[in-house]
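The values are calculated or read from the model by the stated rules, or taken from the named source; none is laboratory data. Everything numeric in this text was worked out from a predicted model, so none of it was measured. FYI the Cβ positions are ideal-geometry reconstructions off the backbone, even for glycines, and counts take in every protein chain you see.
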Amino acid sequence: MKRFFVTSLLMIGVISLVYAQISSDALLLSDRSQLTTARSLSVGGAMGALGGDMSTVNINPAGIAIYRSSEFLLTPGLQFSSIRNTFVSDSLRPLSLNNRTAFNLGSIGLVISQELSGDWKNFNLGLSYNRIASFNRTFSFSGISTGSRLVNFVQEANNSNSIPDNLDPFEERLAWDAFLIDNPMGGTSYVGAATDSNYIRKSQLVRQSGGIGELGISLGGNYMHKLYIGGTLGINILEQRDLRDYTETELTGNIDFKSMRFKETRNVNGTGINLKLGMIYRLNKILRIGLAVHTPTAYSLKESYETQLSGSVIWNDSLRTTPDNNPKLSPTGQFKHNFYSPWLFNFSVGIVIGGKDAKTKGFIGVEGEYLDYSGGNFSLKATDNSATTEDQEYMNKINSAISDNYQGVARGKFGAELSLGTFRIRTGYRLQTSPYQKEIKGVNDLRHDISAGLGIRTDDYFVDLAYAYTINQFEYSPYYATSEINNPRTINDLKSGLLLLTFGLRF
């Protein structure tokens, strides 16, 4: 069961440093801040105190109360990514560059605005689907570096103190069946066909897809055009597919080990639910302030995991080959559990420039967010009758590791829009601090998002176009190394782009 917990941590993006090096998934899957309309993307998401845009249902739902007419919008887009990879410790320091383009549905939404008499001026209902996280990326590495998965199999087998029939069926048992590890003295002491990793070429191709979509039901009210309140009930749908193809090849021809190919397939599906509450207060015609809080998303997740291994080795003076088209196969592991994401707190300021009759109008938005990744928490399902005391103890260790190694992050957002008649010009910037308590040497965990956009807005329709460029670094380890010297870690420079085009009708 522990194997499945570790795999599940990868999927959710919260990995215990007790059991693994920090991996790329921690940054990838912890982020739930993808912007969903072209207007919000172009101003860096700094619209929490300004409202009047469908994206605010995921930031400050009081923004839906700003609407004074009904609206329908659709936002398709394209996502681009480029990842440059280098080994952390490698005299040759080979480079690998991977590019990928994928379709991205930012949002589809409907706002129904009902004008009221009395102090409450409007009551608005919003229905939306928003893509709040994307897992699409491809990256690879290849070269000679410290660390070997085959050596790791041997160390894991010895640490387990198990006879061959009881070895881990997802990793070590496959290596045993393919003659890559052996116990020549019998019992639980194992050796491998390779003992030194410095003459073995390692390579891996990682392909990930999927994301998180959120169905939102939002309600908002406008009190005297002064106070705006709102809430969003979010139903999250998570889907991820993770394919990893890892190989090791001996280059000298002087040892028994020749090659190994280890493939992993992970699938995660689940649903979650959360509540977002917010308010906007209009101090005067120019200045607005906003506050919002997001409850944890309570996820119910199901994961499947499979591995396969092929390779060649000289065993008892004979070449033994397990071909790629007939590999050793693991069982299909399945596991269900719950996960609770951290709380999120948002504070925003909006400055409105120009009155109703002014020739030049616009706004400036400034926003700050805080969420504490150390507050993420895993739990067993109450309906899991097969759970044991050992499972609960292991779960407690994982949650302790999360609180010990992760920290709160701050996100700063800045955006501006200039209105020239029906034409709009926009720009924005976002910065996120590191979620890790300990700095990783050679890795800059700051995330930068630079954006810009254009728009046309009339009383009946609008069209907005935006592009955001993201710069980030992450560390990646292809497996959970039993020791630091057996870990072929890589540093990855991620540069990605998101292009969104929003079409909207007002009625």
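State whether one or more residues within region 253-273 are touching a strand residue (DSSP E or B) at 6+ places or on another chain (Cβ under 7 Å), among the basic types (Lys, Arg) and within 30 Å of TYR340 (Cβ to Cβ). Outline the logic, then answer.
Pass one, region 253-273, residues touching a strand residue (DSSP E or B) at 6+ places or on another chain (Cβ under 7 Å): 256-273.
Then drop every residue that is not among the basic types (Lys, Arg), which leaves 258, 261, 263, 266.
Still in the running and within 30 Å of TYR340 (Cβ to Cβ): 266.
The answer is yes, given that some residue of region 253-273 is touching a strand residue (DSSP E or B) at 6+ places or on another chain (Cβ under 7 Å), among the basic types (Lys, Arg) and within 30 Å of TYR340 (Cβ to Cβ).
Do we have GLU306 as under 18 Å from LEU344 (Cα atoms), part of a strand (DSSP E or B) and of a type outside the set (Gly, Ala, Ser) here? Spelling it out, it is not the case that GLU306 is under 18 Å from LEU344 (Cα atoms), part of a strand (DSSP E or B) and of a type outside the set (Gly, Ala, Ser).
Condition check for ASP165 on (1) buried (at least 17 other Cβ atoms within 10 Å of the Cβ); (2) in contact with a helix residue (DSSP H, G or I) (Cβ under 9 Å, 6 or more places away or on another chain); (3) not hydrophobic (A, V, I, L, M, F, W, C): one failure, at (1).
Residues are listed down the side, and each one gets a yes or a no for (1) of a type in the set (Val, Ile, Thr); (2) at pLDDT below 70:
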position: VAL14; (1), (2): yes, yes
position: GLY52; (1), (2): no, no
position: THR56; (1), (2): yes, no
position: GLY77; (1), (2): no, no
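If you filter region 98-137 down to residues that are of a type in the set (A, V, I, L, M, F, W, C) and either crowded, with 20+ Cβ neighbours inside 10 Å or out of contact with any Ser or Thr (no Cβ under 9 Å at 6 or more places or on another chain) (or both), you find that the one that is nearest to LEU73 (Cα to Cα) is VAL111.
In region 204-227, the residues that are in contact (Cβ under 8 Å) with a residue 40 or more places away in the chain and more than 30 Å from TYR246 (Cα to Cα) form Cβ pairs under 7 Å with partners that are of a type in the set (D, E, K, R) and outside any strand (DSSP E or B), at six or more places apart or across chains, as follows: TYR223/ASP119; MET224/ASP119. Assuming TRP176 fulfils every condition listed in (1) outside any helix (DSSP H, G or I); (2) without any contact (Cβ under 8 Å) to a residue 24 or more places away in the chain; (3) within 35 Å of the chain's Cα centre (by Cα) apart from one, which condition is it? Going through (1) outside any helix (DSSP H, G or I); (2) without any contact (Cβ under 8 Å) to a residue 24 or more places away in the chain; (3) within 35 Å of the chain's Cα centre (by Cα) one by one, TRP176 breaks only (1).
In region 148-170, the residue that is farthest from ASN486 (Cα to Cα) out of those that are touching a Leu at 6+ places or on another chain (Cβ under 8 Å) and of a type outside the set (A, V, I, L, M) is SER160. Which of the residues that make up region 193-227 are more than 31 Å from the chain's Cα centre (by Cα), surrounded by 21 or more Cβ atoms within 10 Å (Cβ to Cβ) and modelled with pLDDT of 90 or more? Within region 193-227, just ASN222 meets the criteria.
When each of PHE462, PHE503, PHE474 is tested for being surrounded by 21 or more Cβ atoms within 10 Å (Cβ to Cβ) and assigned to a strand (DSSP E or B), the lone residue that passes is PHE474.
For residues in region 247-297 being among the hydrophobic types (A, V, I, L, M, F, W, C) and part of a loop (DSSP other than H, G, I, E, B), which is surrounded by the most Cβ atoms within 10 Å (Cβ to Cβ)? Among those residues, the one meeting the criterion is ILE255. On inspection, GLU239 does not qualify as under 30 Å from ASN338 (Cα atoms) and either assigned to a helix (DSSP H, G or I) or in contact with a Pro (Cβ under 7 Å, 6 or more places away or on another chain) (or both).
Any idea which residue in region 232-242 is farthest from the chain's Cα centre (by Cα), counting only those that are surrounded by fewer than 18 Cβ atoms within 10 Å (Cβ to Cβ) and either under 30 Å from ASN60 (Cα atoms) or modelled with pLDDT of 95 or more (or both)? Applying the filter and picking the extreme gives LEU233. Please specify each residue of region 138-161 satisfying the condition of being surrounded by 17 or more Cβ atoms within 10 Å (Cβ to Cβ), farther than 19 Å from ARG244 by Cα and without any contact (Cβ under 8 Å) to a residue 60 or more places away in the chain. Once the filter is applied, which keeps residues that are surrounded by 17 or more Cβ atoms within 10 Å (Cβ to Cβ), farther than 19 Å from ARG244 by Cα and without any contact (Cβ under 8 Å) to a residue 60 or more places away in the chain, region 138-161 yields VAL154, ALA157, ASN158. Here the strands (runs of 3 or more DSSP E) wholly within region 372-455 that include at least 3 residues being among the hydrophobic types (A, V, I, L, M, F, W, C) and either surrounded by 17 or more Cβ atoms within 10 Å (Cβ to Cβ) or at positive phi (or both) are 408-420.
Listed here are the residues, each with its yes/no results for (1) out of contact with any helix residue (DSSP H, G or I) (no Cβ under 9 Å at 6 or more places or on another chain); (2) modelled with pLDDT of 90 or more.
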position: SER8; (1), (2): yes, no
position: VAL18; (1), (2): no, no
position: SER24; (1), (2): yes, no
position: SER30; (1), (2): no, no
position: ILE59; (1), (2): no, yes
position: PHE72; (1), (2): yes, yes
position: ASN85; (1), (2): yes, no
position: LEU95; (1), (2): yes, no
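Identify all residues within region 341-366 that are of a type outside the set (A, V, I, L, M, F, W, C), assigned to a strand (DSSP E or B) and touching a Ser or Thr at 6+ places or on another chain (Cβ under 8 Å); write none if there are none. Once the filter is applied, which keeps residues that are of a type outside the set (A, V, I, L, M, F, W, C), assigned to a strand (DSSP E or B) and touching a Ser or Thr at 6+ places or on another chain (Cβ under 8 Å), region 341-366 yields THR360, LYS361, GLY362, GLY365. Across region 49-60, the qualifying residues are those that are in contact (Cβ under 8 Å) with a residue 40 or more places away in the chain and over 17 Å from GLY234 (Cα atoms), and the one among them that is surrounded by the most Cβ atoms within 10 Å (Cβ to Cβ) is ALA49. Can we say GLU367 is among the charged types (D, E, K, R) and within 30 Å of ILE425 (Cα to Cα)? Yes, satisfied.
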